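See below for the structure under consideration.
The values are calculated or read from the model by the stated rules, or taken from the named source; none is laboratory data. Remember, it's a predicted structure, so these values are computed and weren't measured experimentally. FYI the Cβ positions are ideal-geometry reconstructions off the backbone, even for glycines, and counts take in every protein chain you see. These accessible areas exclude ligands, DNA and RNA; they are computed on the full protein's heavy atoms, side chains included. Shrake-Rupley method; radii C 1.70, N 1.55, O 1.52, S 1.80 Å.
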Protein chains: 2
Amino acid sequence: VRQRLSSEPNPALSRATAQRLSQYLRCLTGTGGSPTVSSLQLARAVGVSDAQVRRDLAALGHLGQRGVGYDAAALGVAIRRALGIDRTWRAVIVGVGNLARALLRYRGFREQGFEIVGLFDNDPQKAGQAVEGLTVEPVSRLVERVPALRAELGVLTVPSEAAQGVADALAAAGVKGVLNFAPVLLRLPPQVRLVTVDLAIQFEQLAFMVRMAEPGGPAPPRPREGVEKPREG
Amino acid sequence: VRQRLSSEPNPALSRATAQRLSQYLRCLTGTGGSPTVSSLQLARAVGVSDAQVRRDLAALGHLGQRGVGYDAAALGVAIRRALGIDRTWRAVIVGVGNLARALLRYRGFREQGFEIVGLFDNDPQKAGQAVEGLTVEPVSRLVERVPALRAELGVLTVPSEAAQGVADALAAAGVKGVLNFAPVLLRLPPQVRLVTVDLAIQFEQLAFMVRMAEPGGPAPPRPREGVEKPREG
């Protein structure tokens, strides 16, 4: 009983798969239009075993042919469907600073089906400004505007101290998911999904990899390990 | 032999652990100074099983006491040492746009030991500009300036089409790691570590989680699975 109480394995594990699916999708886009792709190509590009690739893709249906590989176009369609990005997602951004401006200009979003349809900021000087074709509105209008804009996702690019308040406002306005860039742990109602992008964590991952590669660097933090052994069996 | 050729499991797995360690560290900072923390608290905050937390932390040394939990301060020190962030890392940013400005103002970096010590851009209009106390220099000066600045990491915030060229320049200048924000697959010499932050992937993860939570949503992409079963056994 204790174990059942104490573990929430499935969401995290599904997300790990989803993350790999996203990366496979990038590889497909990156291979420059080759009609087929092998599990080995995908494995090398993403840095997992090809057995892992085959397991992930087998769950999407019978897409691969032994000795031929996967049909790249069909695989792209299947991955996009599995990830839920075979349609457009409308999102609002709250907090119109440099990060929001960078996100607005980030071509990858629209290419992957994410459309920013509204901008909100609590700064009275910013309200009314036009940014990349959108007019900044006050945060107090979220409750009324999110449904009107048919926005399902909220992007949170406010300072840490404002993040929880804005997250509450987004939840009250009915968004289904929040993409949070503030380096804080947010509390959201259970029906609202949360992905926190902690940019410092990305830096830490890089530092970790550099440190591991250094001659005479510290021992890896987990020299022995039972569960996450190489997965190709 | 084929399996050995076709799999690169260890780097990816070590990174998965490092990612969890980073997240535990955030929780420690977020718990507001409580002297102890339990594996269950960390597990709930991060969304993994507490058995996973105990395995990850056991590899750092004997930090936990049954029934008492982990000493939060000691755990923070151990995690920072394991991640290689028990010291300062000096980094340069190449590509001084909105994203670079957002990163420069991101307090989390300095708090976690990352210091931006140089800014570079190929736009002649930007060279010489002062941004957040640093002067923008031309990319051609990287080779000479990276060693002078004692920078070990490079942050790449240029448009996709310029990314590989700048990555080559950073590698030639002697950085040990590149944090890439351009949505492209970069090729780097083997001694240079690479972490690519694909912001659209974060959006995709959120869309995936929202879709999975929808009543009548699609079946999960991997309804059956052998290897990544819930790990608490």
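Quick one: in the range B:29-57, which of the residues that are under 23 Å from A:R211 (Cβ atoms) and modelled with pLDDT of 85 or more is most open to solvent (accessible area, probe 1.4 Å)?
B:R55
Does the range A:82-97 hold any residues that are at the interface with another protein chain (Cβ under 7 Å from one of its Cβ atoms), open to solvent by 10 Å² or more (accessible area, probe 1.4 Å) and either within 24 Å of B:L99 (Cα to Cα) or of a type outside the set (G, A, S) (or both), and which are they?
Passing the criteria: only A:G97.
Return yes when A:A51 is assigned to a helix (DSSP H, G or I) and in contact with a Pro (Cβ under 8 Å, 6 or more places away or on another chain) and no when it is not.
No; evaluated as a whole, the condition is false for this residue.
Does the range B:161-205 hold any residues that are within 15 Å of B:V139 (Cβ to Cβ) and β-branched (V, I, T), and which are they?
If the condition is that a residue be within 15 Å of B:V139 (Cβ to Cβ) and β-branched (V, I, T), then B:V166, B:V175, B:V178 are the ones that fit.
Counting just the residues of the range A:1-24 that are more than 8 Å from every other protein chain (Cβ to nearest Cβ) and modelled with pLDDT of 80 or more, which one comes out least open to solvent (accessible area, probe 1.4 Å)?
A:Y24
What is the residue count in the range A:157-185 for residues that are touching a residue at least 40 places away in the same chain (Cβ under 8 Å) and not in a helix (DSSP H, G or I)?
The total comes to 6.
Among (1) within 22 Å of A:T17 (Cβ to Cβ); (2) crowded, with 23+ Cβ neighbours inside 10 Å; (3) within 11 Å of chain B (Cβ to nearest Cβ), there is one condition A:A100 misses while meeting the rest; what is its number?
(1)
So in the range A:117-140, with the set limited to residues that are outside any loop (DSSP other than H, G, I, E, B) and touching a helix residue (DSSP H, G or I) at 6+ places or on another chain (Cβ under 9 Å), which one is surrounded by the most Cβ atoms within 10 Å (Cβ to Cβ)?
Selected residue: A:F120.
Yes or no: B:V175 surrounded by 16 or more Cβ atoms within 10 Å (Cβ to Cβ) and closer than 16 Å to B:N98 by Cα?
No: the conditions fail for B:V175.
Can we say B:G154 is under 14 Å from B:G95 (Cα atoms), of a type outside the set (F, W, Y), open to solvent by less than 60 Å² (accessible area, probe 1.4 Å) and in a helix (DSSP H, G or I)?
Against the criterion (under 14 Å from B:G95 (Cα atoms), of a type outside the set (F, W, Y), open to solvent by less than 60 Å² (accessible area, probe 1.4 Å) and in a helix (DSSP H, G or I)), B:G154 does not qualify.
Any residue that is modelled with pLDDT of 90 or more and within 7 Å of chain B (Cβ to nearest Cβ) - is there at least one of those in the range A:204-214?
No - not one qualifying residue is present in the range A:204-214.
Of all residues in the range A:103-137, which are charged (D, E, K, R) and either away from chain B (no Cβ under 12 Å) or closer than 19 Å to A:G177 by Cα (or both)?
A:R110, A:E115, A:D121, A:D123, A:K126, A:E137
Out of the range A:166-186, which residues are away from chain B (no Cβ under 11 Å) and either under 18 Å from the mean Cα position of the chain (by Cα) or more than 27 Å from B:V155 (Cβ to Cβ) (or both)?
A:A167, A:D168, A:A169, A:L170, A:A171, A:A172, A:A173, A:G174
Pairs under 9 Å by beta carbon, first residue over 15 Å from B:R81 (Cα atoms) in the range B:49-65, partner among the aromatic types (F, W, Y) and open to solvent by 20 Å² or more (accessible area, probe 1.4 Å), six or more apart or different chains?
Close Cβ pairs (under 9 Å, with a partner that is among the aromatic types (F, W, Y) and open to solvent by 20 Å² or more (accessible area, probe 1.4 Å)) amount to B:G64/B:Y70.
Somewhere in the range A:142-149, is a residue in a strand (DSSP E or B) and at pLDDT 95 or above?
Looking for residues that are in a strand (DSSP E or B) and at pLDDT 95 or above, one finds none in the range A:142-149, hence no.
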